[in-house]
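The values are calculated or read from the model by the stated rules, or taken from the named source; none is laboratory data. This one's a predicted model, so the numbers in the text were calculated from it and none came from an experiment. Glycine gets a Cβ as well: all are built from the backbone with ideal geometry, and neighbour counts include every protein chain shown. What goes into the accessible areas is simple: the full protein's heavy atoms, side chains included, and nothing from ligands, DNA or RNA. Shrake-Rupley method; radii C 1.70, N 1.55, O 1.52, S 1.80 Å.
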Amino acid sequence: MTADRPPLAEGIPDRLYGRRRGHPLRPRQQLLLDLTLPRLRLAPAQAHDPRAAFAGPVEALWLEVGFGGGEHALALVEANPRVGYIASEVFENGLCSLLTRLVPEGEEATGALPGNLRLWPQDARHLLGLLPEGCLDRLMLMFPDPWPKSRHAKRRFVNPALLPLVARVLKPGGEWRIASDDPTYQGWVEEVFAASALFVGDPPATARPEGWPGTRYEAKARREGRQPKYWVKRRV
């Protein structure tokens with residue numbers, strides 16, 4: 001293992017499943033990845049002292065795993081300027097979707113960027129292994145890939161083997177927010193947390209709680225008749 005890829009917990013496959021790229025990138029998207037992303041990227045060496053990676057002092061540290069199109073992340077970044085926000089996503093088209101909202105065309109290398117946002121365009125599980133113990137106030141997992149087949153259960157981010165790694169980086173009382181519209185994943189979340197003494201929380205809400213920005217995936221789920229559920233789990 002390299003310094004930026006610490007070993008994962010036993011039982012977690014050290015392989016990233018899912019797509020890294022969808023349709024071919026347009027010239028503007030390639031510029032965003034080449035010129036804008038490096039200006040926001042959290043380097044592995046910075047993960048050991050993540051608060052120092054931001055442009056100014058931050059009062060809390062939040063991590064979003066798999067930010068998709070970025071609308072949830074950007075809404076929280078704008079609403080919470082004193083929070084250091086790390087947004088993780090490996091899908092290049094998702095990264096471009098977020099970056100294109102930040103800088104006008106032609107200003108990829110120079111446009112002003114949020115000082116309280118840093119991006120981790122790698123496997124978020126490795127970031128969890130690099131972050132210091134108890135550094136996160138909140139972790140968010142919004143509408144993750146459900147991997148609905150039983151044989152793919154180990155690919156799910158909510159995983160019995162991964163819970164101790166999440167618990168290590170969340171401070172006591174820190175929140176893990178989870179949203180899913182997939183019935184299989186919803187049942188899986190209940191099963192995994194019921195068997196763990198590391199987290200406590202109330203039953204899931206069926207209406208999006210206040211302070212949770214909406215996402216395109218949530219909107220699509222509701223259009224197609226699926227009922228999202230929203231959990232807040234707290235580190236014991």
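Based on protein heavy atoms only, segment 100-142 ends up with 35 Å² per residue of surface accessible to a 1.4 Å probe. Quick one: check the C-alpha center-to-center distance for segment 179-197 versus segment 61-95, whole angstrom. Their Cα centres are 23 Å away from one another. Excluding residues fewer than 8 places away in the same chain, name every one of the aspartates and glutamates whose C-alpha is closer than 16 Å to that of K149. Partners found: D181, D182, E191.
Report note on the peptides 85-98, 218-231: ranked by the mean count of other C-beta atoms within 10 Å, highest first, their order is 85-98, 218-231.
Expressed as a whole percent, how much of the Cα-Cα distance distribution for the chain exceeds 29 Å? Intermediate results must be reported in sequence, preceding the final value.
Details: 6892 of 27730 pairs.
Roughly 25 percent, rounded to a whole number.
Bridging of K233 to lysines at a Cα separation below 20 Å is possible for K171, once same-chain residues fewer than 8 apart are set aside.
Quick one: of the DSSP bridges fully inside the chain, what percent are antiparallel, nearest 5? Before the final figure, lay out the partial values.
On the way: 9 of 30 bridges.
Approximately 30 percent, going by the DSSP bridge assignments.
Quickly work out the V200-to-L113 label distance, labels modelled 7 Å from Cα along the C-beta direction, and quote it in nm with one decimal. Between L113 and V200, the simple spin-label model gives 4.1 nm. For segment 115-207, the orientation-averaged shadow of the C-alpha convex hull comes to 7.0 nm² (one quarter of the hull surface).
Expressed as a whole percent, the accessible area of the chain that falls on carbon and sulfur atoms is 52 (1.4 Å probe).
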